[in-house]
Amino acid sequence: MTFQLHEQPQDIIQKLNTIGSAQRERLAFIDFALYFLGEVTRKDLIDRFAVGHAATTRDLALYKEILPDNLKLDMRSKKYYKQDAFSPMFTLDLEKTLATVSLGYGDGFSGHQAFPICCESPQLLTLPKTPIMAALCEGIYRNKLIEVEYISTSSGKSCRVIAPHSLVDSGNRWHVRSFDRKNGRFMDVVCNRVVSANILIDEPHNHELIAEDRQWQKFIDLELIPHPEQKNPEAIELDYEMVDGKRVIETRAALAGYLLRKWEVDCSKNRNLHKTVGYQLALGNHQALYQVNSATLAPGYTA
C-alpha cells in the first residue's frame, strides 16, 4: 500500500523514505485518526494492526518528532489529541476514506473493524459469489478464456466462452467487460448471472483483446447541467460542484450509460422526464452519445 505525502519539507520526506511500509501505514493511520476523530491512542493502533506496546510507542514518538504541532498527549486520559495547528502528513483519497467510514477498517481477509462513527448506506441487493469473481479476476489477470454457464434475461441459460478484460461496477451491480464468442462482440456480462466459470488453457485471439474493444477505448465528455425545470439551479450546481453552470465528466463510451442512469440524468431531447420523476440533472450535449452503444441505458435517450 502506498500513501501520498501531503506537501512536506524535504527533511520530512527523506525521513519517511527511510522507514518500512508497515510503519508508514501505521503513521498514516495516526494521521487519519487525528484528522477525522481528533484523537488517537496506543490501543487504537494495537487493535488495528495487532502490534505490541513498544511498536506503538515508537510510532507515536516518530509521528510527534516529524510533526510536533499536530498532537499532544493528555497524561490523564492517555490520549493524543489533535492540535489547532494540525496539518495532515498524508493526502487522503476522500472516496476511499469515506468507504472506510461507511464499511469500517478491513482488507477482506480478516473481516473488518467497525468505524467509531455511525454511517448508514442503502443495502446492497446484488453481490456476486466469491468463487465466480475469483475465476473472472484470474481470467483477466492471466489473459485466459473462460467458459461460463450464463443465464440471460432474453435467451435463458446457455454455455458461452468469454474473453474478459475488465471489471465494471455500475453502481447497482458488477459486470465483467468481455468479448463474447456466442454473440461475436464485446459486451458486459452480469456477474450475478454467471452460474459457473471455468478457466480454459487457451488465450484470446487478437480481435478479442482489450485494445480492440472500441467502445472501451473511446472516451467522451458528458456535460451535466441543472435540469431546466429546477426552480433553484444554484443548489444543484453546489451539489455537483459545477463551474459556469455545468459539470463536464470524461468517461469511457462503454460506461456512459451506466453513469447517466446512476445519476438520473435526463437525456431526452425535450428534457421531459422531470414531469414524472423530478430529475435534478439533464444532459447538455446530447450529441455526445452518438454511436455510443451504452446510450440505450441513459434515461430518456433516443438516437
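The values are calculated or read from the model by the stated rules, or taken from the named source; none is laboratory data. Bear in mind the structure is a predicted one, so any value in this text is a computation, not a measurement. Using ideal geometry, Cβ is built from the backbone for each residue, glycine included, and neighbour counts are taken over all protein chains shown.
Comparison of ILE236, ILE199, ILE249, ILE225 shows that the only residue that is β-branched (Val, Ile, Thr), in the same structural domain as ASP188 (by the TED database) and either surrounded by 12 or more Cβ atoms within 10 Å (Cβ to Cβ) or within 24 Å of VAL176 (Cβ to Cβ) (or both) is ILE199. Looking for whichever is surrounded by fewer than 18 Cβ atoms within 10 Å (Cβ to Cβ), on the phi < 0 side of the Ramachandran plot and over 28 Å from the mean Cα position of the chain (by Cα) here; the options are ASN183, ASN192. Which one fits? Answer to the check: ASN183. Going by the structure shown, is TYR258 within 25 Å of SER166 (Cβ to Cβ) and surrounded by 12 or more Cβ atoms within 10 Å (Cβ to Cβ)? Yes: the conditions hold for TYR258. Within region 154-165, the set of residues being among the β-branched types (Val, Ile, Thr) and within 13 Å of ASP188 (Cβ to Cβ) comprises just one member, ILE162. Checking ILE201 against (1) closer than 23 Å to ALA134 by Cα; (2) touching a His at 6+ places or on another chain (Cβ under 6 Å): exactly one of these is not met. Which one? Every listed condition holds for ILE201 apart from (2). Restricted to region 164-180, and to residues there that are surrounded by 19 or more Cβ atoms within 10 Å (Cβ to Cβ) and touching a Ser or Thr at 6+ places or on another chain (Cβ under 6 Å), the residue that is farthest from ARG142 (Cα to Cα) is ARG177.
The strands (runs of 3 or more DSSP E) found wholly in region 203-294 and carrying at least 1 residues that are of a type in the set (Asp, Glu) occupy 219-226, 247-252. In a residue-by-residue description of region 12-20, the property of being assigned to a helix (DSSP H, G or I) and closer than 23 Å to PRO116 by Cα applies to no position.
Restricted to region 26-56, and to residues there that are among the acidic types (Asp, Glu) and closer than 14 Å to LYS78 by Cα, the residue that is surrounded by the fewest Cβ atoms within 10 Å (Cβ to Cβ) is GLU39.
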